[in-house]
Amino acid sequence: MASDVSDLVSDVSESVERIGRRVQLMEVCGTHTVSIFRHGLRSLLPEGLRLVSGPGCPVCVTAQRHIDAAIELARRSGVVIATYGDMVRVPGRCGSLEEQRGAGADVRVVWSARSALELAVRHPQRPVVFLAVGFETTAPATAAVVLEAVRRSVENFFILAAHKLVVPAMLALLEGGSVPLDGFLCPGHVSVVTGSRAYAPVVERFSIPCVIAGFEPHDIVRAIAALVRQVEVGEARIENLYPVAVTASGNHVAQTFLDRVFRVCDAPWLALGVIRESGLELRPEFEWFDALPRFGIELGADVDSPACRCGEVIQGKVMPEECELFGAGCTPLRPVGPCMVSSEGTCSAWYKYRAAMPVHRRPVGTKQPMGPVGLKLLTEPGMCAQPARGSRS
Amino acid sequence: MCLAVPGRIIEISGEMALVDVQGNRTRISCVLTPDARPNDWVLVHAGFAISQLDERLARETWDFLDSSGRDSAADVEGHRGF
Amino acid sequence: MTRVQAHARSVERIVRAHGGGGELMNRFLVDHVLVRLGNAKLNELTDGAVLESPTARLVFTTDSYVVQPLEFPGGGIGRLAVCGTVNDLAVMGGRPLGLSLGLIVEEGFELDRLDRLLDSIAVAAGEAAVDVVTGDTKVVERQNGDGLYINTAGVAALDDSVQLGFAFVRPGDAVVINGTIGDHGLAVLSVREGLEFDTTLESDAAPLNGLIQRVLGAGVRVRFMRDATRGGLAAVLADVAERSGWSVEIEESEIPCRPATRAAAELLGLDLLHVANEGKVVMVIDGDDVERCLSVLREHSYGRRSAAIGRVTDSQPPLVELMTRVGGRRIVARPYGEDLPRIC
């Protein structure tokens, strides 16, 4: 295994050398972010290749207004919040769901949307609100559960609809034009649902290669090698390197479920603003399940901390270390923005794993390495002059 | 864009299936993969099967899959690393 | 039979009076606790147990157990309560002299269930060859009727020859672990609401004092030991690096792990290095003693899958680095808190 990977890494290095300039690739999947860091892949890649993490962590891109709505729901007496674990620590304006639980809210972590429905069935006197976040991989499950709720006449089950779509975000990033990219490492499991042809607009409109990859370290490096090879020969096409699970047209049944229950809408992304046709909202016939009107909650405006650069980080404009708050007022223990909260967030992964990078890779002007073990932070948490995002007393 | 693992269907009852993931058995919904049958391999994500998998390709992709999907004594003794 | 005794026998649940210090509590102690845990010292039911120590130095520790659910594959709160405290004493190099057992039981708790718990405490204490010599019972107001907390404290004799601590760790030392990681945490998760899955996984909860004394007795030069409980292997290694001022380098491919455990972690999106264990000790030993240490460990039933997983190095600043199975390198950090199952 290691020898395969090192062969592939050699291929990448040679290719990058022949290209003769820095190559910048973006991966748009939080699970890829984690896998890359967990296997130490960045430590293997050549200096001329920059791998940027994009807006692929659904927790990181959930707009603050949705977090705040979830927290408001959690505060309502009798309401049970059912959520994926990823969401529990994300800070909104007034703390996180975890903190609400400490204050008496009933917040339950579920692994499956079905568990949320079963909670509602078991506690018919209490409203259960499921936080429906995640990309196309996860949204079909929500759709299936809504349909099951209809079939079983479950009247105390609701969802906070915050699902997002990946390709519109990729296109918005490219339309913005501020991040030069040579290729995309595309999310394998989103592609299982959407099919590989979902990336056609990226390739056709912007001539940027898209390679779909699985999550084993070997798969990822192989995909990087394929991307770099396309760049080298001037190609721009979709390559599916996860054929075990991904087809050209995707999972029709899942797509049908999505289409039945949801319709595409404009959606707010954290710090990226509203991206057209990038989210999913319940169709009118399923409005009953929408937690917001049911509980009389209006989505507020997002108020981002002025110093928080999560938006730029998830667009790949800024590396975590280039954010002044990184490690200095924003740490995994005291996060300001979601990039640091989520275990998949770029900043969180960076903070935990980055010191393994060779010294010459660190951006010029960085202060002493701020690794997580045995080293003093240069400023103590809480000394940051800017108000922390979300009041955390 | 998410965590999903390969598993083998042990039995199906209506829309629900019992799936084995390397010795861990859990019930998942097959409503998104209605053609799945016992002994098929599927990709499991958040309590749902989201895709059927070709078994041969699955073994190539995930090198830790063993033949039965259950811990054998040899596996328990011989396995290193994670 | 007196009226009080008749009353006691027909009660199937704990009631407030069981903690009241009166006849009902006395009957509970005699009929339920002493019957299972009894020994010369405990049977006296005095306010305190008198212990004789063969050494001048003692190790003293305490821990409280609040795990939910109370029972899980391979163990339960009772077994944990004994093993956790015994292991804290053992990793300090101590030989346990006695344990205290404090029960805080919710009114309404089923007596049969409590009996089973006490049985498991007796079994674990027997394995560790240590007695529960004193204890306490309190009953608190009913919530759901199934709450139980345990506190155990322990005292151990510490031989003069035992010199352990972060200060003794030095570059060239080896890092050894006595078996597979992550089994306990995942076994507990497998029965938690919302996550239920059937598994071959079992908690590894086990008393390690016997195992550790064998290693010390074989002349292995041990610098430092810690059991890898909450926070997992990552937390222990982070402690070693942070407190000793030296770096630790570990090899992913050497870390013992059961395939089912790894798969369960993948399923839930957890990092195995962060998952709790209850029968694993991490030892930092002299680099030349690895063979001897492993051979002693592997002879013991709680050490069959022992492995040398890494080395202490002089790299600065002090970090814990993992050489991944594909040849990459990355830092291992202390986990934030409890890792939550993820979908992404």
Here the alpha-carbon Rg of the stretch C:185-282 over 2.2 N^0.38 Å rounds to 1.21
Treat each spin label as a single point 7 Å out from the Cα along the C-beta direction, and report the A:Arg76 to C:Lys138 distance in nm. 3.8 nm
Which whole-number percent gives the relative contact order of the stretch B:5-73, counting Cα pairs below 8 Å spaced six or more residues apart? 31 percent
Please find the FRET efficiency linking C:Ala167 to A:Arg197, where r is the Cβ-Cβ separation and R0 is fixed at 51 Å, and quote it to the nearest 0.05. 0.25
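Can you tell me, using C-alpha contacts under 8 Å and at least 6 residues apart, the relative contact order of chain A as a whole percent?
Working: 746 pairs, mean separation 80.9, N = 393.
After rounding, I find 21 percent.
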Defining a contact as two alpha carbons under 8 Å apart and six or more residues distant in sequence, what relative contact order in percent does the stretch C:75-231 show? 36 percent
By average C-beta atoms within 10 angstrom, highest first, the peptides A:216-227, A:49-60: A:49-60, A:216-227
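Please find the FRET efficiency linking C:Val66 to C:Arg116, where r is the Cβ-Cβ separation and R0 is fixed at 22 Å, and quote it to the nearest 0.05.
Details: r = 18 Å, r/R0 = 0.84.
Using R0 = 22 Å, I get an efficiency of 0.75.
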Could you calculate the FRET efficiency of B:Asp54 with A:Val121 from 1/(1 + (r/R0)^6), where r is the beta carbon distance between them and R0 is 35 Å, rounded to 0.05? 0.45
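Would you mind getting the Kirkwood hydrodynamic radius of the stretch C:166-331 from its Cα pairs, rounded to one decimal in Å? Working shown, then result.
Values: mean 1/r = 0.0622 Å⁻¹.
This gives a value of 16.1 Å.
What fraction of the Cα pairs in the stretch C:30-99, stated in percent, has a spacing above 21 angstrom?
Values: 1010 of 2415 pairs.
In whole percent, the long-distance tail amounts to 42.
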For chain A, the Kirkwood Rh over every pair of distinct alpha carbons, in Å, works out to 21.7 Å
What are the extents of the Cα atoms of chain C along their three principal axes, listed from largest to smallest and rounded to whole Å? 73, 52, 33
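Take the eigenvalues of the Cα gyration tensor for the protein assembly as shown, scale each by 5, and report the square roots as semi-axes in whole Å, largest first. Write down the numbers at each step before the final one.
Numbers: eigenvalues 417, 225, 124 Å².
They are 46, 34, 25 Å, listed largest first.
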Nearest 10 degrees, 0 to 90: helix C:232-244 Cα axis against chain C principal axis: 60 degrees
Tell me, in nm to one decimal, what length is gained between A:Ser6 and A:Ser178 on full extension, where the rule is 0.36 nm per residue of separation less the Cα-Cα distance? 58.6 nm
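Just so you know, all these numbers are worked out from the coordinates, no wet-lab data involved. Please read these numbers as outputs of a predicted model, since none were measured by experiment. Glycine gets a Cβ as well: all are built from the backbone with ideal geometry, and neighbour counts include every protein chain shown.
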